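These notes concern the structure reproduced below.
The values are calculated or read from the model by the stated rules, or taken from the named source; none is laboratory data. Model, not experiment: these values are computed from the prediction. Note that each Cβ is placed from the backbone with ideal geometry, even for glycine, and that neighbours are counted across all protein chains shown. These area figures cover heavy atoms from the full protein model, side chains too; ligands, DNA and RNA do not enter into them. Shrake-Rupley method; radii C 1.70, N 1.55, O 1.52, S 1.80 Å.
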Amino acid sequence: MCGIVGYIGQQSASDILVEGLKRLEYRGYDSAGIAIADGGALDLRREVGKLRNLENQVLATPPKGSIGIGHTRWATHGRPTTFNAHPHTDASGDLVVVHNGIIENFVALKSELQGAGVKFTSDTDTEVLAHLIASYYTGDLVDAVFKALDRVEGTYAIAVLHRRNEDLLVGARRGSPLIAGIGEGENYLASDIPAILAHTRQIVYLEDGQVAVVTREAVKVFDEKRQPVDYHITRIDWNLVAAEKAGFEHFMLKEIHEQPTSLANGMAGRIAEREGRMYLDEIGLTPEQLRGFKRITIIACGTAYYAGLVGKYLIEDLARIPVEVDLASEFRYRNPVIDEETLVITVSQSGETADTLAAVREAKRRGATVLGLINVIGSAIAREAHGNLYLHAGPEISVCSTKAYTSMVAGFMMLSVHLAQSVGKLDETQVQHYIAEMKRIPALVARILENDRGIRELASRFTSYRDFLFLGRGLNYPTALEGALKLKEISYIHAEAYAAGEMKHGPIALITSEMPVVAVATDSPVYDKVLSNIQEVKAREGIVIAVATEGNVAIQEHVDYTLYVPACNTFISPIINVIPLQLLGYHIARLRGLDVDQPRNLAKSVTVE
Ligand code: AGP
């Protein structure tokens, strides 16, 4: 999730661009850059690391010019380096582009351009755009952008500037957000409101397929057929802090609601239903190499560990490869059985968790091949791994992990199918079935999020309890574990989770009307078993909140409250079923008046053992 800012007006563009990029800091970044046009030349400045590195460079020798574009990069293709930082230029250095999104066909476009003699200087998908627009440029930048975008598959929000067109910026979006800001004799482009809220509250939300032509005098918007579009100007009344959360009260709630997009981004370009296969070359392991592993060990902490448990169930069920899941903090001290025939999959949002990093190094020392399932590109654990399947979830600001968890689980869904196909356990038709189910996930998650208000109302009944028990079976035992962790780490209510079948071996002694039980009881091969566990709870005056499948009215006779989710294949249920539990934990904590985004004693990345 990168940040884009564009400015055209009477003021110094660099001041406005750098300030705007700082307001997009919450979107995360590992490099940043600006490009300013002045007197027929482009002044390009790029720096890796914190935004202040760019700011210091710009302050030392301020670029002149009152039109420019800027970008903070959250790397998806290519590591955080100066060469991979945006803006990217074409070979002549005449035009610059900044981009947020994923160009799914960039490999094909890149080889076409290289075939025409174009030399590339970065590993990014964005650089392809710069050269592609240049290849169509004959003096009309808008025409060249339209022609280039007609060739692009995937998602983008872009801003484009040509040194010979110092009187206009071109913006466009498909699948990634882009707004235009309306000023007096000056106008703006941005990924998000905070970047320009200090200068204007008159915002135009561009829609997918639209192209904006921004001059000092006006903002004009065109549809994909190049027809002019009447647009609505929205007046923004938020303050700056609220704007960074896109109007949500907390980053956690914003990130919960981002999941339809983050999950779609994580699957983009990697699942091919028509071909009946996954495109996971980026993991750096061929099907032949994957066939060489006799066992898999998954290493992680916290929420990532629970995602690993889902991974175990999926990989063993589909690929029939034995899988162990280990807490990273335990792994390295128990003399684990690891060798060259072991594939270690390490899972981490931050890629900086000390326990996980140390465990990965120990696994490598013992001869294992390490594959990372990680959100932050170029993080320490990602650099230790032999290959990575990046989550593409975008920065997760709230300490409490939500969208990263579901992206980890989606990553395991892709890996388990890919592994199974690689070892001959699934054929193309079967893979098509799994991919068809995965493609339903973003829309199903969006449907559940529509019930946010209903879950908030339910949460209001449970803010005073001191203990909770979460129950789940099979693929949704980890769902129960994750639901309990969400509640306990932000509401400070004691919550533990058990495999539902395990309740009779002890926890049932705890059941009273003072300890609500949350049961993941959606349609599945083990539904009847979970239902009987629910009846055991009810027989002891327990209170039961069930996550159940829409249409299952009968369950209401057995439980006190029902959180319905859409019907889906069990394969994708760990993602579908965790969404109401994320919202339940969030709303209970919020109603208890706690600091949801920064819970006491917790850090977003535990970089100490
Ligand atoms: C999750 O809500 C917690 N914040 C914590 O358990 C976290 O998942 C754990 O610390 C691992 O972090 P990582 O994914 O960045 O390695």
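So, restricting to strands (runs of 3 or more DSSP E) that lie completely within the stretch 138-236, which ones have at least 1 residues that are open to solvent by 30 Å² or more (accessible area, probe 1.4 Å) and not aliphatic (A, V, I, L, M)? Write out each step before concluding.
On the way: elements: 156-162, 169-174, 179-182, 187-190, 202-205, 211-214, 219-222.
Of the strands (runs of 3 or more DSSP E) lying wholly inside the stretch 138-236, those with at least 1 residues that are open to solvent by 30 Å² or more (accessible area, probe 1.4 Å) and not aliphatic (A, V, I, L, M) span 169-174, 202-205, 219-222.
Only residues that are more than 15 Å from Gly474 (Cβ to Cβ) and either open to solvent by 10 Å² or more (accessible area, probe 1.4 Å) or not in a loop (DSSP other than H, G, I, E, B) (or both): list them for the stretch 515-530, please. If you could, list the steps in order and put the result at the bottom.
Narrowing the stretch 515-530 to residues more than 15 Å from Gly474 (Cβ to Cβ): 515-518.
Met515, Val517, Val518, listed by residue number.
Within the set of pairs 6 or more residues apart or between chains, which connect a residue that is more than 16 Å from Ser460 (Cα to Cα) and of a type in the set (Asp, Glu) inside the stretch 487-500 to a residue that is open to solvent by less than 30 Å² (accessible area, probe 1.4 Å) and more than 14 Å from the ligand (Cβ to nearest atom) with Cβ atoms less than 7 Å apart?
Between residues of the stretch 487-500 that are more than 16 Å from Ser460 (Cα to Cα) and of a type in the set (Asp, Glu) and residues that are open to solvent by less than 30 Å² (accessible area, probe 1.4 Å) and more than 14 Å from the ligand (Cβ to nearest atom), the close pairs are Glu496/Leu469.
Of everything in the stretch 576-596, what is within 11 Å of the ligand (Cβ to nearest atom) and either open to solvent by 10 Å² or more (accessible area, probe 1.4 Å) or under 19 Å from the mean Cα position of the chain (by Cα) (or both)? Give them in sequence order.
Of the stretch 576-596, the ones within 11 Å of the ligand (Cβ to nearest atom) are 582, 585.
Within the stretch 576-596, Gln582 is the sole residue that qualifies.
Tell me, which strands (runs of 3 or more DSSP E) wholly within the stretch 257-373 include 2 or more residues that are buried (at least 22 other Cβ atoms within 10 Å of the Cβ) and within 16 Å of the ligand (Cβ to nearest atom)?
Passing ranges, in order: 295-300, 342-348.
Name the residue that is farthest from the ligand (Cβ to nearest atom), counting only residues in the stretch 374-389 that are in contact with a Ser or Thr (Cβ under 7 Å, 6 or more places away or on another chain) and more than 24 Å from Asp597 (Cα to Cα).
His386
On the given criteria, is Asn552 of a type outside the set (Gly, Ala, Ser), in a helix (DSSP H, G or I) and modelled with pLDDT of 95 or more? Full working, then the answer.
Numbers: of a type outside the set (Gly, Ala, Ser): yes; in a helix (DSSP H, G or I): no; modelled with pLDDT of 95 or more: yes.
When the stated conditions are applied, Asn552 does not pass them.
Looking at Ile345, Ile374, Ile381, which one is modelled with pLDDT under 95 and out of contact with any Lys or Arg (no Cβ under 7 Å at 6 or more places or on another chain)?
Numbers: Ile345 fails: modelled with pLDDT under 95; Ile374 fails: modelled with pLDDT under 95.
So the residue among Ile345, Ile374, Ile381 that is modelled with pLDDT under 95 and out of contact with any Lys or Arg (no Cβ under 7 Å at 6 or more places or on another chain) is Ile381.
(1) surrounded by fewer than 22 Cβ atoms within 10 Å (Cβ to Cβ); (2) more than 16 Å from the ligand (Cβ to nearest atom); (3) not basic (Lys, Arg): which one isn't true of His250, the others all being true?
Looking at each condition in turn, His250 falls short on (2).
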